[in-house]
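S.K.: Pasting in a structure now, in C-alpha cells, and then I'll have a few things to ask.
The values are calculated or read from the model by the stated rules, or taken from the named source; none is laboratory data. It should be emphasised that the depicted structure is a prediction, and the values quoted were computed from it without experimental measurement. Because the Cβ atoms are built from the backbone with ideal geometry, glycine has one as well, and the counts that use them run over all protein chains shown. To get the accessible areas, we keep the full protein, side chains included, count just its heavy atoms, and leave off ligands, DNA and RNA. Shrake-Rupley method; radii C 1.70, N 1.55, O 1.52, S 1.80 Å.
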Protein chains: 2
Amino acid sequence: MDFKKLSEQYKTELLENVMPFWLKNSLDKVYGGYFTCLDQKGEVFDTDKFMWLQAREVYMFASLYNKVEQKQEWLDAAEHGATFLLEHGHDGDFNWYFSLDRKGNPLTQPYNIFSYTFATIAFGQLSLATGNPYYAEVAKKTFDIIRAKVDNPKGPWSKIVPGTRDLKNFTLPMILCNLALEIEHLLPPALLDTLIEECLHEVLHVFYRPELGGIVIENVDKDGALSDTFEGRLVNPGHSIEAMWFIMDLGVRLERKELIEKAVEITLNMVKYGWDHEHGGIFYFLDRLGRPPQQLEWDQKLWWVHVETLISLIKGYQLTGSKECLAWFERVHDYTWTHFKDTQYPEWFGYLNRQGEVLIPLKGGKWKGCFHIPRGLYQCWKVLEELAERPSS
Amino acid sequence: MDFKKLSEQYKTELLENVMPFWLKNSLDKVYGGYFTCLDQKGEVFDTDKFMWLQAREVYMFASLYNKVEQKQEWLDAAEHGATFLLEHGHDGDFNWYFSLDRKGNPLTQPYNIFSYTFATIAFGQLSLATGNPYYAEVAKKTFDIIRAKVDNPKGPWSKIVPGTRDLKNFTLPMILCNLALEIEHLLPPALLDTLIEECLHEVLHVFYRPELGGIVIENVDKDGALSDTFEGRLVNPGHSIEAMWFIMDLGVRLERKELIEKAVEITLNMVKYGWDHEHGGIFYFLDRLGRPPQQLEWDQKLWWVHVETLISLIKGYQLTGSKECLAWFERVHDYTWTHFKDTQYPEWFGYLNRQGEVLIPLKGGKWKGCFHIPRGLYQCWKVLEELAERPSS
C-alpha cells in the first residue's frame with residue numbers, strides 16, 4: 001500500500017471537502033447553533049437542533065483547531081456552537097436536552113445520557129483551545145452528572161420496570177473509554193485511573209465474550225450473565241469495533257501492550273463477524289443466535305460503522321503490524337470510498353441499503369452530523385502519515 | 001374477477017392455514033398467555049409477552065368465535081390469553097403494561113396507550129362470546145382510562161417538553177373509530193355518538209388535508225395547522241388506508257353515504273401516493289415534502305400495510321362499485337399473495353425489503369402477531385362472499 005498517497009487522500013478529503021461543507025452550510029447565523037439536517041447538496045431540510053450533533057460539531061471544530069491547525073474560522077465555528085449550547089442546550093443545571101427547535105426552545109427532555117457525554121468532550125476540547133476556565137467548568141460539571149447517572153441513565157424517563165430484568169448496556173462504558181482521554185486535562189489523576197480501569201473492565205471482561213467466539217455483545221444481565229432476550233442477543237459490530245480503537249489509544253497512553261493486542265484481536269473478530277459476504281459492507285445489527293432481529297434496519301450499511309472500522313483496522317496495523325488488519329483495511333477502505341463518498345456533491349452519504357445503494361440521500365440529519373466522517377478521516381490520515389514516514393516503508 | 005373463487009381462497013387461508021398455525025404454536029401451556037415470537041417454521045424464538053399482541057390474539061380468537069363459528073377451541077384459546085392478561089397484564093388498576101417476561105413479570109411500564117385500546121377490544125369481544133359481565137367491566141374500565149388519557153397518552157413517560165411544539169397524532173382517533181364499533185354493545189348510545197363524531201372530525205377534518213392533494217398526514221399542530229417538522233411531514237400510507245375501512249364501517253352503521261364516498265376517495269389517493277412504481281408494493285413511510293425521512297425502514301414493505309389496503313379496497317368496491325378500487329385490489333392482491341404468503345410453511349412473512357425479498361423471516365415477533373393477517377383474511381373473505389352472492393355477479 002502507498003501510505004503516503006493514502007494519507008494525502010484522507011487529509012485532502014477532510015480539509016478540502018468535508019470541513020468546508022460544514023463551515024459553509026451548517027452555521028445558523030440568525031439563531032445560532034448549527035443546522036445538521038442537510039440534504040445531498042447541503043441545503044437545510046429541517047431546522048431542529050439535536051444536542052448530540054450540536055456538541056459533536058463543537059468538538060470537531062475545536063479538536064481540529066487543537067490538533068491540526070489554529071485556524072480562526074474553526075475556533076469561531078466552535079464558539080458559535082458553544083454559545084448556543086450554553087444559552088439553550090441545558091436546563092440551567094447542565095442537564096442537556098435531547099433536542100431544541102431552531103430558536104433554541106426545548107423540544108425533548110434531557111433523557112439521553114449521550115447528550116451529556118458529547119457536551120463534555122465539546123467543552124473539554126474548547127477549554128483546551130481557548131484556555132477559558134468556564135468551558136473547563138462546564139465540562140467538569142457535566143462529567144460529574146454523568147457519573148451520578150451511571151446506574152440509571154434515563155432517570156424518570158426510563159420505561160423499564162426495575163427488578164424484572166436489569167440489563168447492563170455496553171454503550172456508556174464504551175463512550176467513557178474515549179471520554180477519559182478527551183478530558184484527561186480536566187480530571188484528577190486518581191479519578192482518571194479509576195474511570196479507565198472501570199471502563200476497561202466492563203468492555204473487556206463483561207461485554208467481550210470469549211465463550212461466544214470472542215465477540216462483543218450489547219447487553220448482559222446485571223451480574224454479567226448472558227441473557228437470551230432481544231437485547232441480550234444483540235450484536236452491533238460497528239459499535240464494538242469503534243470501542244476497540246478507544247482501547248488501543250488507552251493501551252498506547254498506559255503503555256499496556258496487552259490491551260492493544262486484545263483490541264486488535266477483537267477488531268478482527270468483529271469485522272469478520274459483521275461482514276456481508278453477499279453484498280459487501282458491515283451489517284448494522286445481528287442476533288448472536290441467528291434469530292430474527294428486532295431492528296428492521298439490521299441489514300443496512302451505515303457510514304459511522306465503516307469509518308470507525310477503518311480507524312480500528314489501520315491503528316491495529318500501525319500498533320502491531322498485523323497483516324490481517326491491513327488486508328481488512330484495504331477491503332473496508334474500498335467499500336467505504338466507493339459507496340459512501342458522494343462523487344457529485346461534497347460530504348458523504350450516511351445510509352445505504354444492504355445492496356450498497358443510497359437509501360436516504362442526506363449529508364446530515366437527526367443522527368448524522370459533523371463527527372464520524374471528519375473524525376475518521378483525521379484519525380486515518382494521521383496514522384497513515386506516520387506509517388508513510390517510517391523508515392521501513 | 002371470480003369472487004366466489006377468491007372468497008374461498010381467503011376463507012381457506014384463514015381457517016386452514018393461519019388460525020391453525022397460531023392454535024398449534026402460540027399457546028404457552030406452562031405459564032399461560034401466548035408466545036408471539038415464532039420463526040418461519042412456527043418455533044418459539046423468544047418468550048417475552050407483549051400486551052399489544054396478547055390482547056390482539058384474545059380479540060382474534062373471540063372475534064372469530066363470535067362471527068364465524070362457535071368453535072370451543074377458539075373460545076378456549078381466547079380465555080387462555082385473557083386469564084394471563086388479567087393475572088399479569090396490568091398493575092391492578094387496569095393500567096396495561098407494554099411487555100412481560102414469559103412468567104408474567106412486568107418488563108415495560110404501561111406507557112403505551114395502544115396496550116389499553118387492544119385490551120378493550122379483546123375483553124369487549126370476549127364479553128360478547130361468553131356473556132361474562134366481568135369481561136365487559138374490564139373493557140369498560142379500560143376504555144374509561146383511555147378517555148382520561150387522550151390528552152397526554154404517555155403520561156410521565158413522555159419525553160416531549162410541553163409548550164414548545166404540541167403536536168396531535170393521528171393514531172389514537174383512528175384506532176377509536178374502530179374501537180367504537182367493537183365495543184358498541186358496552187357503551188351508552190350518547191357516549192358512542194360523541195365518540196364517533198369526535199373521531200370522524202379528527203380523521204376527516206384535521207389529518208386529511210385537501211390542500212396536500214387529499215392525503216392523510218400523521219401529525220399536525222395542536223391547532224390543526226401543518227407542521228414543517230419530521231413528525232409533521234410524515235405520511236404512513238398503510239395507516240391512513242386502514243383508517244378508511246373503519247370509516248366505511250361507520251358509514252354503513254350510521255347510514256351515511258358521504259362518509260363511505262370520502263373514505264373510498266382517500267383510500268385511492270393514498271394507495272396511489274404510497275405505491276412503489278419501481279418494485280411494487282406500498283412504502284412504509286414517506287415525507288410529504290419529499291425530504292429525507294427519519295425512519296430508516298421507510299422503503300420496506302410490511303404485511304399489515306398490504307392486508308389493510310386489501311380490506312379498504314374491496315370494501316370500497318363493495319360499497320360504491322368503484323372500478324378503480326377493484327383494479328387496485330387486484331394489483332395489491334397479486335403483490336400481497338406473491339410476496340407475503342410463505343409457500344413453504346404456514347402463516348405469512350411480515351417484513352420485506354423494498355425489492356420484495358424477505359428481510360426478517362419471522363411469522364410473529366414483537367409487533368406481528370395473530371391479528372392483521374387473520375383479520376384481513378376474514379374481512380376480505382366476507383366481502384368477497386357477499387359480492388359472489390349478488391345476483392349481478
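S.K.: Tell me, which helices (runs of 4 or more DSSP H) wholly within the range B:252-339 include 3 or more residues that are in contact with a Cys (Cβ under 7 Å, 6 or more places away or on another chain) and of a type outside the set (Ser, Thr, Tyr)?
M.R.: B:303-320
S.K.: Same structure, new question: Out of all the residues in the range A:121-138, which are of a type in the set (Phe, Trp, Tyr), under 22 Å from the mean Cα position of the chain (by Cα) and open to solvent by 10 Å² or more (accessible area, probe 1.4 Å)?
M.R.: A:Tyr135
S.K.: Take A:Arg375 and tell me if it is within 15 Å of the chain's Cα centre (by Cα), under 24 Å from A:Thr12 (Cα atoms) and either away from chain B (no Cβ under 14 Å) or not acidic (Asp, Glu) (or both).
M.R.: yes
S.K.: Any idea how many residues of the range B:327-338 are closer than 13 Å to B:Met1 by Cβ and open to solvent by 30 Å² or more (accessible area, probe 1.4 Å)?
M.R.: Qualifying residue count for the region: 4.
S.K.: Would you point out which residue out of B:Tyr59, B:Tyr10 is crowded, with 18+ Cβ neighbours inside 10 Å and more than 18 Å from B:Asn132 (Cβ to Cβ)? Lay out the reasoning, then the answer.
M.R.: On the way: B:Tyr59 fails: more than 18 Å from B:Asn132 (Cβ to Cβ).
Result: B:Tyr10 is the single residue among B:Tyr59, B:Tyr10 that is crowded, with 18+ Cβ neighbours inside 10 Å and more than 18 Å from B:Asn132 (Cβ to Cβ).
S.K.: Tally time: how many residues in the range B:230-248 are of a type outside the set (Lys, Arg), open to solvent by less than 10 Å² (accessible area, probe 1.4 Å) and more than 22 Å from B:Leu310 (Cβ to Cβ)?
M.R.: 1
S.K.: Conditions: (1) over 21 Å from B:Ile217 (Cα atoms); (2) in contact with a helix residue (DSSP H, G or I) (Cβ under 8 Å, 6 or more places away or on another chain). B:Pro173 meets all but one. Number of the miss?
M.R.: B:Pro173 satisfies all of (1) over 21 Å from B:Ile217 (Cα atoms); (2) in contact with a helix residue (DSSP H, G or I) (Cβ under 8 Å, 6 or more places away or on another chain) except (1).
S.K.: Can you find even one residue in the range A:72-91 that is within 14 Å of another protein chain (Cβ to nearest Cβ), assigned to a helix (DSSP H, G or I) and open to solvent by 10 Å² or more (accessible area, probe 1.4 Å)?
M.R.: yes
S.K.: Can you name the residue in the range A:276-286 that is surrounded by 19 or more Cβ atoms within 10 Å (Cβ to Cβ) and of a type outside the set (Val, Ile, Thr) and, of all such residues, is farthest from A:Lys363 (Cα to Cα)?
M.R.: Step one: filter the range A:276-286 for residues surrounded by 19 or more Cβ atoms within 10 Å (Cβ to Cβ), giving A:281-286.
From what is left, the residues that are of a type outside the set (Val, Ile, Thr) are A:281, A:283-286.
Working: A:Gly281: 19, A:Phe283: 20, A:Tyr284: 19, A:Phe285: 22, A:Leu286: 26 Å.
The extreme case among them is A:Leu286.
S.K.: Are any residues in the range A:197-220 more than 24 Å from A:Val305 (Cα to Cα) and within 25 Å of the chain's Cα centre (by Cα), and if so, which ones?
M.R.: Just the residues of the range A:197-220 that are more than 24 Å from A:Val305 (Cα to Cα), to begin with: A:197-198, A:211.
Scanning the range A:197-220 gives A:Glu197, A:Glu198.
S.K.: Does A:Phe118 qualify as being away from chain B (no Cβ under 14 Å), crowded, with 21+ Cβ neighbours inside 10 Å, in a loop (DSSP other than H, G, I, E, B) and at pLDDT 95 or above?
M.R.: no
S.K.: Suppose we filter the range A:33-74 for residues that are on the phi > 0 side of the Ramachandran plot and in contact with a Pro (Cβ under 7 Å, 6 or more places away or on another chain); how many remain?
M.R.: Matching residues across the range A:33-74 total 1.
S.K.: Just wondering, is there one or more residues in the range A:169-191 that are crowded, with 21+ Cβ neighbours inside 10 Å, more than 14 Å from chain B (Cβ to nearest Cβ), over 30 Å from A:Gln300 (Cβ atoms) and under 22 Å from the mean Cα position of the chain (by Cα)?
M.R.: yes
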